[in-house]
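Trainee: Here you go, one structure.
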Amino acid sequence: MGDSSDSVSIDMETPSRSGKEYVVETCSGYVSVSVYGDQDKPALVTYPDLALNHISCFQGLFFCPEACSLLLHNFCIYHISPPGHELGAATISPDDPLLSADDLADQIADVLNYFGLDAVMCMGVTAGAYILTLFAMKYRQRVLGLILISPLCNAPSWTEWLYNKVLSNLLYYYGMCGVVKELLLKRFFSKEARGSAQVPESDVVQACRRLLDERQGLNVWRFLEAMNGRRDISDGLRKLRCRSLIFVGENSPFHSEALDMTSKLDRRCSALVEVQACGSMVTEEQPHAMLIPLEYFFMGYGMYRPPRLSVSPRSPLSPICISPELLSPESMGLKLKPIKTRMSLEV
C-alpha cells in the first residue's frame, strides 16, 4: 500500500453492501466479525463505541455513497463487534470472566491471524478508538494507520469513573432501560440531533434508539467495566509511527480528551479534524465531514480519487478549508496539519 505505483482509483459505482459473518475463537472467547468486500484488498478493521456494533456505529458512513465508494473500492472491511454486541447476541454467561481493555486488544490480533492479515488500517469510535490505539501500541507492525473518532487515551477521571459506575449499576440491575438509553444517546450525539420539546430528535438518533433495544444490558455492562478500568496510554502515543487521523465533534463530551490525545501524538504524522455542530459519533451524525480528510489521508498510501470527484457537493469541507501544507505532495499523508471544518448549522 505504501507504494504510490499501486494507487487504486475508484468510480462512483456503489459496491455491494452484503457482508459475511464469522465467529472467531480468540485467546479470551469468541468474537463476531462482519466482512464486507474483496478479501484480496488491504484490510480496514473497525471497532465501535460502547453498546454499539457496526450497524449502529458505522452505517451512516458506509451509506454515504462517496465514502462507501472510497472505502470499499480500496479496502476489505472487517467489522469487529465487542463480545456480546453483535446482532442477535445472547447474554454472555456470568461464569465467563470479565475482559480487560488489554484482552479486547489482544482479541484483534487473534482476528487478524484467523484471516491471515498482516498490517491493517484501523477505524474506531471512542471506546473502540481506545481499543484500536492500544492494539497499535502492542502490535506496532500490524497497524498501517489509525482513523480515530472522539478517541480516549487517559485513564478515566474521577468524574467519568463515577458517571460510568452509575451507568454500570443501571445496566447490571435494570438492563437497557429508558434512563440508560438516554445517557448513551447523550454520549453519542449532539444536543441538536437529540432534539427537544419543540424539535423532534433526528432520524439517526431514532434509529440508534431502536438498535439499542437489541443490546443485552449485561453484555454492555461488561464492555463498560473494561473501559472504566482502562489504563493511561498517553505516554506511548509519541512512539507510534503509524499515521493518525482524528475526528471529533465540537459538542462531543470527549472533545477535550481528543484534543489532549492529539497533542501527545507525533505532529509529523497526525492530524485533527474538528466537526462543528456534531457530537461524538461523527460517523453517524456528520459522515460527509469525514470524506475529504479521508481522501487526503489515503493519498499518503497511494490511494486517490479522480480530480473530478475530489470534492463532494454535500461535504462541509472544501479544499480551501484544508491547510495548504496538507495539499503539497511531500506532506500528503506524512505531515498532516490540524484542520477544522467550516460548517453552518444549515448543512
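Trainee: Might you check whether a residue that is farther than 23 Å from residue 247 by Cβ and of a type in the set (A, V, I, L, M, F, W, C) occurs anywhere in the stretch 132-152?
Mentor: The answer is no; no qualifying residue exists.
Trainee: Considering 170, 183, which residue is without any contact (Cβ under 8 Å) to a residue 60 or more places away in the chain, among the hydrophobic types (A, V, I, L, M, F, W, C) and within 15 Å of residue 126 (Cβ to Cβ)? Lay out the reasoning, then the answer.
Mentor: Numbers: 170 fails: within 15 Å of residue 126 (Cβ to Cβ).
One residue alone meets the criteria, 183.
Trainee: Something else: If I filter the stretch 26-39 down to residues being part of a strand (DSSP E or B) and more than 21 Å from residue 216 (Cα to Cα), which single residue comes out as most open to solvent (accessible area, probe 1.4 Å)?
Mentor: Of everything passing the filter in the stretch 26-39, 36 is most open to solvent (accessible area, probe 1.4 Å).
Trainee: Let me ask another. Just to be sure, is residue 180 at pLDDT 95 or above, touching a Phe, Trp or Tyr at 6+ places or on another chain (Cβ under 9 Å), of a type in the set (Val, Ile, Thr) and part of a helix (DSSP H, G or I)?
Mentor: When the stated conditions are applied, residue 180 passes them.
Trainee: Starting from residues that are within 19 Å of the chain's Cα centre (by Cα) and among the acidic types (Asp, Glu), keep the ones in the stretch 233-261 and report whichever is nearest to residue 173 (Cα to Cα).
Mentor: 257
The values are calculated or read from the model by the stated rules, or taken from the named source; none is laboratory data. Given the structure is predicted, the values throughout are model-derived calculations rather than measurements. All Cβ positions, glycine included, derive from the backbone under ideal geometry; neighbour counts span all protein chains shown. These accessible areas exclude ligands, DNA and RNA; they are computed on the full protein's heavy atoms, side chains included. Shrake-Rupley method; radii C 1.70, N 1.55, O 1.52, S 1.80 Å.
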